[in-house]
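First the structure, in the form of structure tokens, and then the observations on it.
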Amino acid sequence: MQAKTRQNVLTAFVGEAKAYFRLLAYAEKADEEQEPQIALLFRAIAEAERVHATRQLNLVKDLLVKDTDTNLEASFQREKTVSENTYPDFIKDAEDEGETVAALAFSHARDAESYHAKLYERAIYHVIKNVVKAYHVCQVCGYVTDKKIPKKCPVCGAPPEKFKTVGE
Ligand SMILES: [Fe+2]
Ligand SMILES: [Fe+2]
């Protein structure tokens, strides 16, 4: 793909992906304001933006999606970078500005990302056994485990009912 078009596709993909989440938030707001039809409108358009994002991603798949070994390694590196550099910087800025709620959200994210990195690392070194087993994801902080659902999330303290199972 030619350079300018490729850049535009990448920009469009990020824009559509963001719109998807923004519109879902708008839908929630419309529900709160007892505007069910407007909520549905936002949800429908969100779904459409998801279609656009997926279609645009497919255009640059060769660029963004490699073989699984490479994808695992890249994902591991990204988690390491965000947990060791990006989030610690964000936490510091939030603390400097007295933004305690944001600081807590960032610190939960940092801790969860480091667990993500460990899971990827185990997959890279083939510690995952030859069975397909479910993961459990904390819906408060994003902590992920392939063990049992903990009584208390080790990152944020959330109870078991806050966990969502992926793969069952
Ligand atoms: Fe992560
Ligand atoms: Fe959690």
| message | Pairs of alpha-carbon atoms within less than 8 angstrom and 6+ residues apart define the contacts here; what relative contact order does segment 1-142 have, in percent? | response | 20
| Among the helices of the chain (complete DSSP H runs), which have Cα atoms covering no less than 24 Å along the helix axis and a Kyte-Doolittle mean of at least -1.0? | 3-32, 36-59, 100-124
| Spacing of the two label points (7 Å from each Cα toward its C-beta) at Lys118 and Asp96, in nm | 3.1
| field | Euclidean distance between Cα centres, segment 1-19 to segment 20-77, Å | value | 14
| query | Taking N as the number of residues in the chain, what is its alpha-carbon radius of gyration divided by 2.2 N^0.38 Å? | reply | 1.22
| query | In nm, to one decimal, how far is the modelled label at Leu59 from the one at Asp31, with both set 7 Å along Cα→Cβ? | reply | 3.3
| For segment 81-124, with only Lys/Arg (+1) and Asp/Glu (-1) charged at the beta-carbon, what is the dipole magnitude about the Cα centre, in debye rounded to 20? | 360
| At most 12 other Cβ within 10 Å, DSSP loop - trypsin sites (Lys or Arg not before Pro), segment 57-147 | Lys129, Lys133, Lys147
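About the Cα centre, and with charges only on the beta carbon of Lys, Arg (+1) and Asp, Glu (-1), how big is the dipole of segment 128-168? Nearest 20 debye, please.
With only Lys, Arg, Asp and Glu charged at Cβ, the dipole is about 140 debye.
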| Among Phe21, Ala117, Cys141, whose Cα sits farthest toward the positive end of the charge dipole of the chain (+1 at Cβ of Lys/Arg, -1 at Cβ of Asp/Glu, about the Cα centre)? | Ala117
| remark: Two pseudo-spin positions, 7 Å from Cα along C-beta at His126 and at Glu168, lie apart in nanometres by 2.9
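Computed from the coordinates by the stated procedures, all read-outs in this text should not be read as laboratory data. No experiment lies behind these values; they were computed from the predicted model shown. Methodologically, a virtual Cβ is constructed for each residue, glycine included, from the backbone with ideal geometry; neighbour enumeration extends over all protein chains shown.
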